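Trainee: Below is one structure. I have some questions about it.
The values are calculated or read from the model by the stated rules, or taken from the named source; none is laboratory data. What you see is a predicted model, and the numbers here were worked out from it, not measured in a lab. We place every Cβ from the backbone using ideal geometry, glycine too, and count neighbours over all the protein chains shown. The protein model used for the area step is the full one, side chains on, heavy atoms only, and it has no ligands, DNA or RNA in it. Shrake-Rupley method; radii C 1.70, N 1.55, O 1.52, S 1.80 Å.
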Amino acid sequence: MTDAYVRGTGVTRTFGDVTALADVSVEIPGGTVVALIGPNGSGKTTLLRILAGLLSPTDGEVHYEGPSATRPLGYLPQEPSFRPGYTTAETAAFYARLADDDPSELLERVGLGTVPDRPVEALSGGMTRLLGIAQALAGEPPVLALDEPASGLDPVMSGRVFDIVEALAADGHAVVVTSHDLPLVERAADRIVVLDRGSVVAADTPAALRERTGGPLHETFASLVDAGDDVAVRTETNR
Amino acid sequence: MTGRLDAFWTVFAREIRGAARNRTYALLALALGLVVFGLAGTGNGPSSGYVPTVVDVLLVVEVVVPAVAFAVGYRSITDDAVRGTLDVLATYPLPPWVYVAGVYAGRAVALLSVVLVPLSILGVVVAASAAPDTMVFATHRGVDSPLLFVRFVTLTAAFALTALAIAVAVSALADSRRRAILLALVGLLIVVVGADVTVLRAITGGLVDVDVDLGTILGLSPSSAYRGLVFETVLYVAFAERGEFVSVPVAAAGLLGWSVSALLVATLAVRGRRA
């Protein structure tokens with residue numbers, strides 16, 4: 001495993017009286033996929049946004065320790081949305097120009113090279129997410145923070161998105177991803193951080209987490225999180 | 001590595017492209033044209049000259065131009081915030097002030113197109129229909145001139161840009177489209193009447209010495225500053241008897257100050273969203 005590109009230490013975040021994260025420490029090494037999983041409201045997105053520098057921690061520190069880059073970090077929001085009235089190519093060109101990148105190459109990397117002239121409002125949910133990933137890749141940022149990249153997608157499209165995630169890590173990127181899709185997480189992640197009620201309840205490799213119960217990952221997941229929580233995860237059995 | 005100028009042009013070009021494809025701007029220009037031509041025609045200004053035409057349309061332009069500016073700018077940044085685009089842009093080498101400058105400049109081109117085209121056409125109509133002495137290119141007292149109308153159009157453009165800056169600031173402060181509408185209405189009221197009312201309250205409340213400060217303090221309200229500049233540099237030029245309505249340097253500085261302050265607020269608001 002390579003050195004950490006992003007390191008969060010003792011991260012705490014509160015919103016008024018609500019503590020979304022409490023003393024969370026996590027590191028995202030280059031060339032790996034780190035998955036943040038947990039029930040709804042466990043703090044995954046908050047942690048991702050803090051790691052991405054989009055949200056300040058109330059306490060604790062986050063440091064970027066990766067290679068020098070014009071754009072150190074790429075970000076895919078949970079529900080990517082683009083200004084209507086523009087084509088896929090024009091949208092990619094906007095972001096590419098900001099990061100001095102090639103828009104055509106970005107679209108090719110995510111498989112949207114065949115629909116450059118399609119208006120963004122005419123893209124399917126999966127294609128919109130792929131365009132969001134293309135945007136996140138602009139400028140070749142060493143770190144990629146992807147918030148639920150496969151949420152709401154059909155199995156084929158979800159698999160395609162995680163194929164891209166794996167390829168990015170293979171290229172040396174540090175990828176941190178939130179997801180409820182445990183089978184895909186199990187397949188793609190090098191390390192899984194399980195969050196519950198704003199705290200890390202486990203952080204290990206998929207194999208090590210599986211060994212805790214001897215069954216598939218969702219059994220370990222269910223044993224780790226509070227049974228009273230409203231758990232919303234996709235598992236092998238309900239996919 | 002991309003520079004700030006490249007980043008500015010990228011944002012600016014996106015705004016221009018969006019405006020060029022938005023037919024609403026053409027409708028706004030048409031509506032503004034109908035209003036100013038209707039007023040000018042009713043007052044018979046075009047057949048009398050440039051200054052009479054300015055007198056005919058000034059009062060309504062004072063209200064309609066800020067309204068158009070707010071229509072152009074009130075969602076300029078809110079839409080990017082609601083879509084999550086501001087979060088995404090925060091990961092790019094795009095400082096908040098460059099983003100705000102690009103958005104403002106792009107919308108400014110759209111706004112000036114909407115405002116200046118009808119007014120310029122009105123000027124051409126005056127030139128074609130007014131008495132022969134309006135073709136005299138001179139600005140000495142008592143003579144009507146196309147240059148006076150050019151001054152009016154220029155001042156109107158400056159007023160429109162000030163109102164747009166305030167609209168962009170309002171847009172940066174709003175966290176939803178509904179709130180953007182409400183804040184835009186508040187901002188429009190401040191520009192059109194609120195600042196004037198504050199000035200009057202300051203005068204009637206004895207906070208300022210009318211004899212000494214009236215011309216100065218009027219210059220601090222955007223609409224009073226605009227009105228005062230039009231009176232001082234367009235209308236009073238053509239009349240023998242005149243009185244100082246507003247301090248021209250203060251009024252000019254007032255419009256500039258409102259614009260710069262508003263864009264600063266917008267920049268701080270965009271930066272604040274990143275924390």
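Trainee: Just the residues that are assigned to a helix (DSSP H, G or I), under 30 Å from A:GLU140 (Cα atoms) and without any contact (Cβ under 8 Å) to a residue 60 or more places away in the chain, please, taken from segment B:1-56. Steps first, answer last, please.
Mentor: Step one: filter segment B:1-56 for residues assigned to a helix (DSSP H, G or I), giving B:4-20, B:23-43, B:45-48, B:50-56.
Among the residues that remain, those that are also under 30 Å from A:GLU140 (Cα atoms) are: B:4-18.
The answer is B:LEU5, B:ASP6, B:ARG17.
Trainee: Give the residues of segment A:39-59 that are away from chain B (no Cβ under 11 Å) and part of a loop (DSSP other than H, G, I, E, B), sorted by residue number.
Mentor: A:PRO39, A:ASN40, A:GLY41, A:SER42, A:GLY43, A:THR58
Trainee: Scanning segment B:86-132 for residues that are part of a loop (DSSP other than H, G, I, E, B) and closer than 29 Å to B:LEU58 by Cα, which turns out least open to solvent (accessible area, probe 1.4 Å)?
Mentor: Filtering segment B:86-132 down to residues part of a loop (DSSP other than H, G, I, E, B) leaves B:90-95, B:130-131.
Now restrict to residues that are closer than 29 Å to B:LEU58 by Cα: B:130-131.
Details: B:ALA130: 19, B:ALA131: 41 Å².
Among residues in segment B:86-132 that are part of a loop (DSSP other than H, G, I, E, B) and closer than 29 Å to B:LEU58 by Cα, the one least open to solvent (accessible area, probe 1.4 Å) is B:ALA130.
Trainee: Output the residue which, of all residues in segment A:136-161 that are under 26 Å from A:GLU65 (Cβ atoms) and part of a helix (DSSP H, G or I), is nearest to the chain's Cα centre (by Cα).
Mentor: Initially, segment A:136-161 is screened for residues under 26 Å from A:GLU65 (Cβ atoms), giving A:136-149.
From the residues that got through so far, the ones that are part of a helix (DSSP H, G or I) too are A:136-137.
On the way: A:ALA136: 11, A:LEU137: 13 Å.
My answer is A:ALA136.
Trainee: Take the residues in segment B:133-184 that are small (Gly, Ala, Ser), assigned to a loop (DSSP other than H, G, I, E, B) and modelled with pLDDT of 85 or more, then tell me which one is farthest from B:LEU112 (Cα to Cα). I'd like the intermediate steps shown before the answer.
Mentor: Start the filter on segment B:133-184 by keeping residues that are small (Gly, Ala, Ser), which leaves B:138, B:142, B:145, B:157-158, B:160, B:163, B:165, B:167, B:169, B:171-172, B:174, B:176, B:180, B:184.
Cutting the leftovers down to assigned to a loop (DSSP other than H, G, I, E, B) gives us B:138, B:142, B:145, B:174, B:176.
Within this subset, residues satisfying the condition of being modelled with pLDDT of 85 or more are B:174, B:176.
Details: B:ALA174: 24, B:SER176: 26 Å.
Checked segment B:133-184; the qualifying residue farthest from B:LEU112 (Cα to Cα) is B:SER176.
Trainee: What about A:ALA89, is it free of Cβ contacts under 8 Å to residues at least 60 places away in the same chain, in a helix (DSSP H, G or I) and surrounded by fewer than 22 Cβ atoms within 10 Å (Cβ to Cβ)? Walk me through it before giving the result.
Mentor: On the way: free of Cβ contacts under 8 Å to residues at least 60 places away in the same chain: yes; in a helix (DSSP H, G or I): yes; surrounded by fewer than 22 Cβ atoms within 10 Å (Cβ to Cβ): yes.
Here the answer is yes, as A:ALA89 does meet what is asked.
Trainee: Right, something else. Would you call A:PRO80 more than 13 Å from chain B (Cβ to nearest Cβ), under 30 Å from A:GLY16 (Cβ atoms), under 17 Å from the mean Cα position of the chain (by Cα) and crowded, with 21+ Cβ neighbours inside 10 Å?
Mentor: Details: more than 13 Å from chain B (Cβ to nearest Cβ): no; under 30 Å from A:GLY16 (Cβ atoms): yes; under 17 Å from the mean Cα position of the chain (by Cα): yes; crowded, with 21+ Cβ neighbours inside 10 Å: yes.
For A:PRO80, the condition - more than 13 Å from chain B (Cβ to nearest Cβ), under 30 Å from A:GLY16 (Cβ atoms), under 17 Å from the mean Cα position of the chain (by Cα) and crowded, with 21+ Cβ neighbours inside 10 Å - is not met.
Conditions tested, residue by residue: (1) among the basic types (Lys, Arg); (2) under 18 Å from B:ALA108 (Cβ atoms); (3) surrounded by fewer than 23 Cβ atoms within 10 Å (Cβ to Cβ).
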| residue | (1), (2), (3) |
| --- | --- |
| B:ILE16 | no, yes, yes |
| B:VAL35 | no, no, yes |
| B:VAL63 | no, no, yes |
| B:GLY73 | no, yes, no |
| B:ARG83 | yes, no, yes |
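Trainee: Further, regarding this structure: Taking A:GLU108 as meeting all but one of (1) part of a loop (DSSP other than H, G, I, E, B); (2) more than 9 Å from chain B (Cβ to nearest Cβ); (3) open to solvent by 60 Å² or more (accessible area, probe 1.4 Å); (4) within 27 Å of B:GLY3 (Cβ to Cβ), write down the number of the exception.
Mentor: Failed condition: (1).
Trainee: Just for segment A:189-208: of the residues that are more than 22 Å from A:THR46 (Cβ to Cβ) and of a type in the set (A, V, I, L, M), which one is surrounded by the fewest Cβ atoms within 10 Å (Cβ to Cβ)? Break it down into steps so the answer makes sense when it comes.
Mentor: So the first thing to find is which residues in segment A:189-208 are more than 22 Å from A:THR46 (Cβ to Cβ), and the list is A:190, A:205-208.
Among the residues that remain, those that are also of a type in the set (A, V, I, L, M) are: A:207-208.
Values: A:ALA207: 9, A:ALA208: 13.
The qualifying residue surrounded by the fewest Cβ atoms within 10 Å (Cβ to Cβ) is A:ALA207.
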